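Peer 1: Next up is a structure, given as structure tokens.
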Amino acid sequence: MINRWNALMRSGLTISNSYIVGRNALSTGHPIEEEPMAFTYPRSQHVRRYGPRGHRAYQSYKPWLRDEFDFRCVYCLWRERWCADGDQMFSVDHLWPRMTHPERLCDYDNLVYACCQCNALKQEAPPVLDPCEEALGHHLEIHTDGSVRALTEHGAKQIALCRLNRPRLREARRMMMELFSMLAASRSEEAAPSFVGCGAFLTTYRAWRP
């Protein structure tokens, strides 16, 4: 357990709480079916909870997008809580590129929350899958070895576009799921869903307006 923890810390991750999942799935190479799961792509289209308008800089929408997309990257599902630098490792991504669709630069409906790595890899490519138009869980699934598997041709294109199976990310996912399993086995009451939750600031942030 200590060795696993040290390995995670060397990868720049911080673990403050836990998110409990079933142990049986983690002993196989099959897709994870237990709910709720930190590494499960949504099986329904995302319905936006917010619709702020009026900002001239698209980066100003980041606080809304953090909550909008559950404080995780829409592409690889990595959560900001697992990063030592938190939301500094995440950014605002444009579904339709700024270069080809400048009129949508600050259109909230064109913005999603993504980790900096996926955002950089995607660059100015047009969207393969829009989480508000497509249920990503119909196209992608994560297996217990940490890999993302395509269920459709669009899913395969999304994996290639953001390199969702880049080795370090795949190994980090596998190790995180193994840690979940250890915590579930310990049956510790301190292992709480807050591991994938949000900060206390959110109750006041929701009242903000541009």
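Peer 1: Can you go through 108, 113 and tell me which one is closer than 14 Å to residue 78 by Cα, aromatic (Phe, Trp, Tyr) and surrounded by 17 or more Cβ atoms within 10 Å (Cβ to Cβ)? Step through it out loud before you land on a result.
Peer 2: Values: 108 fails: closer than 14 Å to residue 78 by Cα.
Result: 113 is the single residue among 108, 113 that is closer than 14 Å to residue 78 by Cα, aromatic (Phe, Trp, Tyr) and surrounded by 17 or more Cβ atoms within 10 Å (Cβ to Cβ).
Peer 1: In the list 118, 76, which residue meets the criterion of being in a loop (DSSP other than H, G, I, E, B) and in contact with a helix residue (DSSP H, G or I) (Cβ under 8 Å, 6 or more places away or on another chain)? Before you say what the answer is, go through the steps one by one.
Peer 2: Numbers: 118 fails: in a loop (DSSP other than H, G, I, E, B).
Being in a loop (DSSP other than H, G, I, E, B) and in contact with a helix residue (DSSP H, G or I) (Cβ under 8 Å, 6 or more places away or on another chain) holds for just one of 118, 76, which is 76.
Peer 1: Only one of these is without any contact (Cβ under 8 Å) to a residue 60 or more places away in the chain and either touching a helix residue (DSSP H, G or I) at 6+ places or on another chain (Cβ under 6 Å) or not in a strand (DSSP E or B) (or both): 81, 56, 48. Name it.
Peer 2: Working: 81 fails: without any contact (Cβ under 8 Å) to a residue 60 or more places away in the chain; 48 fails: without any contact (Cβ under 8 Å) to a residue 60 or more places away in the chain.
Sole residue among the options that is without any contact (Cβ under 8 Å) to a residue 60 or more places away in the chain and either touching a helix residue (DSSP H, G or I) at 6+ places or on another chain (Cβ under 6 Å) or not in a strand (DSSP E or B) (or both): 56.
Peer 1: Please verify whether residue 138 is within 21 Å of residue 170 (Cα to Cα) and not small (Gly, Ala, Ser), treating the condition exactly as stated.
Peer 2: On the way: within 21 Å of residue 170 (Cα to Cα): yes; not small (Gly, Ala, Ser): yes.
Against the criterion (within 21 Å of residue 170 (Cα to Cα) and not small (Gly, Ala, Ser)), residue 138 qualifies.
Peer 1: Quick test of your reading of the structure: residue 92 fulfils all but one of (1) under 17 Å from residue 136 (Cβ atoms); (2) modelled with pLDDT of 50 or more; (3) surrounded by 14 or more Cβ atoms within 10 Å (Cβ to Cβ); (4) aliphatic (A, V, I, L, M). Name the failing condition by number.
Peer 2: (1)
Peer 1: Does residue 96 qualify as being of a type in the set (Phe, Trp, Tyr) and assigned to a helix (DSSP H, G or I)? Step through it out loud before you land on a result.
Peer 2: Values: of a type in the set (Phe, Trp, Tyr): yes; assigned to a helix (DSSP H, G or I): no.
Spelling it out, it is not the case that residue 96 is of a type in the set (Phe, Trp, Tyr) and assigned to a helix (DSSP H, G or I).
Peer 1: Quick one: which residue in 164, 129 is within 15 Å of residue 77 (Cβ to Cβ), assigned to a loop (DSSP other than H, G, I, E, B) and at pLDDT below 95?
Peer 2: Details: 164 fails: at pLDDT below 95.
Being within 15 Å of residue 77 (Cβ to Cβ), assigned to a loop (DSSP other than H, G, I, E, B) and at pLDDT below 95 holds for just one of 164, 129, which is 129.
The values are calculated or read from the model by the stated rules, or taken from the named source; none is laboratory data. If you're wondering where the values come from, they're calculated on a predicted model, not measured in any experiment. Cβ coordinates were reconstructed from backbone atoms using ideal geometry, including for glycine residues, and neighbour counts include every protein chain displayed.
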